[in-house]
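One structure is given here, and the rest of the page talks about it.
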Ligand code: CAO
């Protein structure tokens, strides 16, 4: 069975996390991703957060599966010529350098388009056009500038960044979607185009419910926020909502049996209106089913602390998995707080390929995430990340048709 993106060749100038996430996704779907790295240096993440001396870090390996590595000095004259030929041969070019870096290399979008009018040129930057367009940006800066940090964390405490890399991996996802869309458009137009995604914009797209709440604030308090029931007045901006559910069905993180010693003995519990009566029966409060103070979602809003307190009295008598086993058959939406250890050891995630064990020639076996998107007719396997420059000769020979002598000459000239 062929892969969905078989035949698409990608010139991958990405580094760190946001860009590599994007190109790894495309590689999982079958694109030939040629990762271009500076000779002798490579992607900085190869050496960051190393757990084994002199071996590519997990940070690098987990973001660069299924790619080929070509070393090429794009500031060297021969290197520039080779790069020009690679632009001719590829369908997509992706980069996430600091603003202006690609122009300083001598390859602005206008020139890329001139070399190959079918080229789709995709970039990630921290900010879009505007006052911050020239800024370098990392994950947490994007979370702060995109509205995530100001709306995450506990009320009255400092803004909080999330563990999910919504600035980097989130923007990589958005960019991959833009690239595939541009490839589809090229089928009709015959032309490539420029695809850009700013990390601030990507984060904001994922935070849209908080922009929703910002506007709702103009029409009264946000009644599903805990602070409403606690009588704490709202200010001018969407506040931090702790673990309150962001949707219309109130939810909280509640303690389960063992919470005193196990930092992850908690469950998320949603008081979905449709199953309120089942919830009352489970927690031993059958009288709340008909009591006008508790029977309807609106009536419950001022009492959420009391309601969740009663539910927690019950969840504390059960393990997080028992809560799941009891509530699921009753259609009550709950979910255990899973630690990374539990996720890494979960057999069902191994079976679906969501977590895979990969073998690497220098580090041995390690765990990684597999493709979270499953296509029925386009299987997606995980191939270990390349060593620095592992495919330089192969790419120059097979993609550009260089002879062994020409490759040796390019090497002598410091181009690869
Ligand atoms: N050959 C020759 N030079 C190369 C090269 C190659 N193959 N690959 C990279 N370089 C050069 C670049 O041209 C650039 O040189 P100049 O500054 O002289 O133009 C230089 O290497 C460094 O590039 P950079 O500025 O992008 O890297 P940095 O480490 O200083 O900054 C980062 C890193 C991530 C802050 C910045 O790239 C950035 O803001 N990117 C956009 C936003 C983004 O993607 N952030 C997420 C990163 S993950 O948290």
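A short reminder: the numbers here are calculations on the coordinates, not readings from a lab. Keep in mind that what you see is a predicted model, and the values were worked out from it rather than measured. Because the Cβ atoms are built from the backbone with ideal geometry, glycine has one as well, and the counts that use them run over all protein chains shown.
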Return the Cα extents of the range 1-80 along principal axes one, two and three, sorted largest first, each rounded to a whole Å.
39, 36, 19
If you stretched the chain out fully between residue 377 and residue 191, how much longer would it get, using 0.36 nm times the residue separation minus the C-alpha to C-alpha distance?
64.2 nm
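Classify the range 115-237 as rounded, prolate or oblate from the Cα gyration tensor: take a ≥ b ≥ c as the square roots of its eigenvalues, call it rounded if a/c is under 1.5, otherwise prolate when a/b beats b/c and oblate if not.
Prolate shape, in that a/c is at least 1.5 and a/b is the bigger ratio.
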For the range 267-416, would you read off the P(r) tail past 25 Å as a percentage of all alpha carbon pairs?
60
Expressed in angstrom, Rg and Dmax over the Cα atoms of the chain are 25.7, 86
Listed highest first by mean packing, meaning other Cβ atoms within 10 Å per residue, what order do 188-198, 360-370, 84-94 come in?
84-94, 188-198, 360-370
Taking every DSSP beta bridge that has both residues in the chain, what percent is antiparallel when rounded to the nearest 5?
40
With only alpha-carbon pairs counted, each pair once and no self-pairs, how large is the Kirkwood hydrodynamic radius of the range 311-368 in angstroms?
13.8
Express in nm, to one decimal, how much length is gained between residue 408 and residue 115 on full extension, taking 0.36 nm for each residue of separation and deducting their alpha carbon distance.
102.9 nm
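Hey, with R₀ at 60 Å, roughly what FRET efficiency would residue 236 and residue 362 work out to, going by the Cβ-Cβ distance, to 0.05?
Here the calculated transfer efficiency is 0.65.
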Rounded D (µm²/s) - the range 158-226, Kirkwood Rh over Cα pairs, Stokes-Einstein at 25 °C, 0.890 mPa s:
167
For the Cα atoms of the chain, what angle does the longest principal axis make with the long axis of helix 169-189, in degrees from 0 to 90, nearest 10?
60
Taking every eigenvalue of the Cα gyration tensor of the range 333-416, multiplying by 5 and rooting it, what semi-axes result, largest first, whole Å?
41, 16, 10
Could you tell me the extents of the range 271-334's C-alpha atoms along the three principal axes, largest first, rounded to whole Å?
32, 20, 17
Which three semi-axes in whole Å describe the equivalent ellipsoid of the range 107-183, each the square root of 5 times a Cα gyration tensor eigenvalue, listed largest first?
32, 14, 8
Residues in the range 1-39 that a label on residue 397 would reach, taking backbone N under 12 Å of a point 7 Å out along Cα→Cβ:
none
With the cut-off at 1.5 for a/c, could you classify the range 1-152 from its C-alpha gyration tensor as rounded, prolate or oblate?
rounded
Angle, helix 18-28 long axis vs. longest principal axis of the chain, Cα atoms, 0 to 90°, nearest 10?
80
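Would you mind putting 376-382, 346-352 in packing order, based on average other-beta-carbon counts within 10 Å, highest first?
Ranked by mean Cβ neighbours within 10 Å, highest first: 376-382, 346-352.
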So how much slack lies between residue 48 and residue 103, counting 0.36 nm per residue of separation and subtracting their Cα-Cα distance, in nm?
17.1 nm
Once the mean 1/r over all distinct Cα pairs of the range 169-322 is inverted, what Kirkwood radius in angstroms do you read off?
18.7
Where a ≥ b ≥ c are the square roots of the eigenvalues of the C-alpha gyration tensor, would you call the range 223-287 rounded, which needs a/c under 1.5, or, failing that, prolate if a/b is larger than b/c, or oblate?
oblate
Would you mind pulling out the separation of the Cα centroids of the range 1-71 and the range 123-183, in Å?
21
So the FRET efficiency between residue 84 and residue 340, C-beta based with R0 = 51 Å and rounded to 0.05, is 0.70
For a Förster distance of 56 Å, can you work out the FRET efficiency between the beta-carbons of residue 38 and residue 223, rounded to the nearest 0.05?
0.55
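What value, in deg cm²/dmol to 500, does the helix sum -39500 (n - 2.57) over DSSP H runs of n ≥ 4 give at 222 nm once divided by the residues of the chain?
Theoretical 222 nm ellipticity from helices: -9500 deg cm²/dmol.
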